[in-house]
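Quick notes on the structure that follows.
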Amino acid sequence: MTQKQDNLIVVLDIGSAWTRVLAADVIEGVPRYRGHGAVESAGMRKGLIAELSPAARAVRSANEQTERVARINIDECVVGVGGPHIRGLNTNGGFELGNRMREITRDDVRTAVERARAVPLPPDREILHLLPRQFILDEQPGIFDPVGMVGARLEVDLHIATCSGSALQSSVTCANRAGLQVSEAILESIAAAEATLSADERELGICLLDIGAHSSDMVVFFEGAVAHTASVPIGGAHFTNDLAIGLQMPVAQAEELKRQYGNAVVTAVPQLAEIEIANPQPQMLRLRSIAEILEPRARELMYYVKESLRHGGVVDALGAGCVLTGGGAMLPGMLDVTESQLRVPARTGLPVRLSQMPGELVHPGFAVAIGMLLYAHRTRAARAAESNTFRSKLRAIFAASY
């Protein structure tokens, strides 16, 4: 930011359909809405940035909207990362603390995590997050923070969320071309979870599915920790394209029909209901014809979600069910298809409302942006607390030396 404000957080969500910028002040430890901007994305193809210049213009436009509303100059942001290139893996590592038991330090935790992350990755993969699932101290599992405990061997079960290095760099370059420096990158599904899931749901086991335009990103929590991250290459645009092909109409008209009359469950639509459309001449269209095209695509999406859950070994870990976010979550009938295919309860994920935030942002489409802001705030607070603890220890050491 040109006026250096440590209490200002700005996030950038470059989606396939929409590019969003959201700014908030942190007042007395609580984020407060400052402003936002949203424009239709450009230069995107299949969930990835295909043309930098149009994508950068969209980012600049969304950022300028935010600057006007917030009355600030913005030159730094946190960027979201999502799309079909997202991969996650679980790993384990640890080390002996010595011949005798001793107290675990924060450096010991870092060492255990470094041992666990030392797994071979393809050269094009970039690590986004290292997320400890649990620590094991002298074969005692289920420990979330071992610092201060005493033992002889420390291990960690770790989830590593990765992305395509080139895709991440494209997002950073796009932001740079729009005049923004990127301070941090956050996996979008984890961000959406930050804004929509409760602690109880994370403990019982839950899948969050963020249905974007060209892909659907997912994250599974179990016993309070991330157990699985992945992406399914099906999103809302595939539903629209199916309608455009099946009804032989332009994509824009198909999108409007989907928004106004779409349903993912054929039997939920009255059998005789009709509307008049221009295609190009006026004609009558059965509403069930729309649902008959959308329902197979919805079932296909949930089939691939279930396969991903099975591959990750978490298909039976969804005690709290499934939460749908993103623009695609607004399609009527999606919750019914989710419940019938996954056989768990499902709900729509509305993001928490920030102080002074307009009500229009309490929408599944803004779950990622709001979650990124909350996640960035939480990690900054954690780093500040750790830094303060370290400074306190230094002061104590110097005080003891006199």
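Every number in this text was worked out from the coordinates using simple rules, so none of it is lab data. Predicted model, so just to flag it, every value in this text is computed and none were measured. Please note: Cβ atoms are built from the backbone with ideal geometry, for glycine as well, and neighbour counts cover all protein chains shown.
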- Student exercise, segment 236-296 dipole from Lys, Arg, Asp, Glu Cβ charges, in Debye to nearest 20: 40
- In sequence order, what are the phi-derived ³J(HN,Hα) couplings for segment 59-68 according to the Karplus relation 6.51 cos²θ - 1.76 cosθ + 1.60 with θ = phi - 60°, rounded to whole Hz, with x for glycine and proline? 4, 4, 5, 5, 5, 5, 4, 5, 4, 5
- Message: Run the paramagnetic zone check for residue 300: 7 angstrom along Cα to Cβ, then residues of segment 248-272 with backbone nitrogen under 16 Å.
- Response: 248, 264-265
- Item | the chain: calculated mean residue ellipticity at 222 nm from DSSP helix runs of at least 4, using -39500 (n - 2.57) | -12000 deg cm²/dmol
- Message: Below 8 Å, C-alpha to C-alpha, sequence gap of six or more: please give me the relative contact order for segment 274-365 in percent.
- Response: 22
- Message: For segment 236-296, I need the span (max minus min coordinate) of the C-alpha atoms along each principal axis, in Å, sorted largest to smallest.
- Response: 28, 24, 16
- Item | Stretchable slack from residue 100 to residue 343, in nm (0.36 nm times residue separation minus alpha-carbon distance) | 82.5 nm
- Item | GluC sites (Glu not before Pro) restricted to DSSP loop in segment 108-141 with at most 15 other C-beta within 10 Å | 139
- Item | D (Stokes-Einstein, µm²/s), Kirkwood Cα radius, segment 87-163, 0.692 mPa s at 37 °C | 257
- Message: Under 8 Å for C-alpha pairs, at least 6 residues apart: give me the relative contact order for segment 236-296, rounded to a whole percent.
- Response: 34
- With a sphere of radius 10 Å drawn around the Cβ of residue 355, what net charge do the other residues whose Cβ falls strictly inside it have (Lys, Arg +1; Asp, Glu -1)? +1
- Item | Inter-site label distance for residue 149 and residue 241 at 7 Å from Cα along Cβ, in nm | 4.9
- Within a Cβ distance under 15 Å of residue 296, other residues only, what is the Lys/Arg minus Asp/Glu net charge? -1
- Task: Using Cα pairs closer than 8 Å and at least 6 residues apart in sequence, work out the relative contact order for the chain, in percent.
- Result: 17
- In a shell of Cβ-Cβ distance under 13 Å around residue 368, excluding residue 368 itself, what net charge do Lys and Arg (+1) and Asp and Glu (-1) give? -4
- Within segment 17-47, backbone nitrogen closer than 13 Å to the virtual label 7 Å beyond the Cα of residue 177 toward Cβ: 42-45
- Let me know the Rg and Dmax you get for segment 301-371 when you use only its Cα atoms, in Å. 13.8, 42
- Mind jotting down the distance between the C-alpha centroids of segment 215-259 and segment 320-357, whole Å? 13
- Item | Electrostatic dipole magnitude of segment 87-163 [Cβ: Lys, Arg +1; Asp, Glu -1; Cα centre; debye, to 20] | 100
- Note on the structure: Once the dipole of the chain is set up from charges on Cβ (+1 Lys and Arg, -1 Asp and Glu), the residue from the list 165, 69, 356 lying farthest towards its positive end is 69
- Item | Cβ charges +1 (Lys, Arg) and -1 (Asp, Glu), total dipole of the chain, debye | 700
